[in-house]
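Read the structure below first, then the notes.
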Amino acid sequence: MRGHFITFEGGEGSGKSTHAATLAQRLKALGLKVVLTREPGGSTGAEIIRHILLSGIAKPLGAETEAILFAAARDDHVRSTIMPALAAGQWVICDRFIDSTRVYQGALGQVDPRVIRSLERVTVGPARPDVTFILDVPATVGLARAKHRRGKGTVDRFEAEGVKFHEALRKAYQELAAKEPKRIIMVDGRAPRDVVADRIWDVVKQRLHPEQAMLAEQAVP
Ligand code: TYD
């Protein structure tokens, strides 16, 4: 049986990584096999490309080249990490995936949607997410959280963009969610952490039935 694939999306400081980890913990606590991963990265080849992208050295090459680099990283990640786990019936939770490319490079970078779609066709194949959570927070809130978390560290390529960029990002995510209401769930990321985590858990339980999956796994001799 194919496993389950859940992705988390949102702007900087939206709480994606925290909630991806919390969901992974909850599933593991049921005895399920979970792979928690992230993009760009999540496999040896993709982590190398991550350094290039987040350092900003690819920025002068333009958004289309960056989209191609994100796609190259994704291709390795899907083939080396995601597909093998799904084929083994495991739960894959990924911090950022195709929607980040659609929003950062597509909507904001103005890369032609046809290019974005072609890259998806090549890289993603059957590894389509079952459910995607977008954590929605105002840009100022997210940037303040990201700054707090960073402390004295340096900003990366995309954190360095201004409030306007991050407001546009939020809007682009909202538009994306409206286009695919079956797959994408918007969650108010300003709510207390436990409230957000419970909302996510309710959706996963309703849609993907982890308790039943666990019982089915136990029944396998
Ligand atoms: P990361 O350090 O993982 O931070 P975050 O907590 O924001 O996820 O940085 C990933 C950055 O790469 C983030 O700013 C979004 C950007 N990105 C894209 O622009 N396109 C993509 O396809 C992906 C996966 C990420």
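The values are calculated or read from the model by the stated rules, or taken from the named source; none is laboratory data. Since the structure is predicted, the reported quantities are computational estimates derived from the model, not experimental observations. Virtual Cβ from ideal backbone geometry, glycine too; neighbours counted across all protein chains shown. Accessible surface is based on the protein model in full, side chains and every heavy atom, while ligands, DNA and RNA are left aside. Shrake-Rupley method; radii C 1.70, N 1.55, O 1.52, S 1.80 Å.
With R₀ set to 22 Å, the beta-carbon distance separating Glu175 from Val203 gives a calculated FRET efficiency near 0.60. This model, with +1 at the C-beta of Lys and Arg and -1 at the C-beta of Asp and Glu, gives the stretch 180-221 a dipole about its Cα centre of some 180 debye.
Computed from backbone phi with θ = phi - 60° and the Karplus coefficients 6.51, -1.76 and 1.60, the 3J(HN,Hα) list for the stretch 18-28 is 4, 6, 5, 5, 5, 5, 4, 4, 5, 5, 5 Hz; x is used for glycine and proline.
Ranked by the mean number of other Cβ atoms within 10 Å per residue, highest first, peptides 180-188, 141-149 order as 141-149, 180-188. Here the Kirkwood formula puts the hydrodynamic radius of the chain at 17.9 Å, using every distinct Cα pair.
In order along the stretch 37-54, the Karplus-derived 3J(HN,Hα) couplings, from 6.51 cos²θ - 1.76 cosθ + 1.60 at θ = phi - 60°, round to 9, 8, 10, x, x, x, 7, 4, x, 5, 5, 5, 5, 4, 4, 5, 5, 7 Hz, and Gly and Pro are given as x. Separation of the stretch 49-91 from the stretch 116-148 is 13 Å, based on Cα centroids.
For Val111, nonlocal amide neighbours, meaning residues 5 or more places apart or on other chains whose placed amide H falls under 5 Å from its own, are Gly106. Determine the share of the chain's accessible area contributed by carbon and sulfur atoms, expressed in whole percent, with a 1.4 angstrom probe. Of the solvent-accessible surface of the chain, carbon and sulfur hold 57 percent.
For Phe5, the residues 5 or more places off, or on other chains, whose built amide H falls under 5 Å of its own are Val92, Asp130, Val131. The length gained by stretching the chain between Arg193 and Thr44 to full extension, at 0.36 nm per residue less their Cα-Cα distance, is 50.5 nm.
Using the Cβ of Lys59 as centre and a radius below 9 Å, the other residues enclosed give a net charge of 0, where K and R count +1 and D and E count -1.
Solvent-accessible surface of the stretch 5-219, averaged per residue with a 1.4 angstrom probe and all protein chains in place: 49 square angstrom. The stretch 1-42 and the stretch 189-221 have Cα centres spaced 11 Å apart. Other residues within the sphere of radius under 11 Å centred on the Cβ of Ala46, judged by their own Cβ, net out at 0 (K and R +1, D and E -1). Considering only His166, Val103, Ile116, the residue lying farthest towards the positive end of the dipole of the chain is His166, judged by Cα position with unit charges set on Cβ. Per-residue ellipticity at 222 nm from helix content only, as computed over the chain with -39500 (n - 2.57) for each DSSP H run of at least four residues, stands at -16000 deg cm²/dmol. In the stretch 111-193, the C-alpha radius of gyration followed by the widest Cα-Cα span (Dmax) gives 15.2, 41 angstrom.
Taken one residue at a time, the phi angles of the stretch 106-116 give Karplus couplings (6.51, -1.76, 1.60, θ = phi - 60°) of x, 4, 8, x, 6, 6, 3, x, 5, 5, 4 Hz. Gly and Pro are set to x. Close amide-amide hydrogen proximity is noted between Val34 and Trp91, each under 5 Å apart and 5 or more residues distant or on a separate chain (H modeled in the peptide plane; Pro and chain starts excluded). Computed from the Cβ-Cβ distance with R0 of 35 Å, the FRET efficiency linking Ile52 to Lys164 stands at 0.85. Could you tally the net charge around Val195, taking each other residue with its Cβ under 12 Å from the Cβ of Val195, Lys/Arg +1 and Asp/Glu -1? Once positives and negatives cancel, what remains is -1.
What lysines does Lys205 reach when the alpha-carbon gap must be under 27 Å and sequence neighbours fewer than 8 apart in one chain are set aside? Within the straight-line limit of under 27 Å, Lys205 reaches these lysines: Lys16, Lys28, Lys33, Lys179, Lys182. Dipole magnitude for the chain: about 180 debye, using +1 per Lys or Arg Cβ and -1 per Asp or Glu Cβ, origin at the Cα centre. Cβ-Cβ distance of Thr18 and Thr140, R₀ of 22 Å, FRET efficiency by 1/(1 + (r/R0)^6): the value works out to about 0.70.
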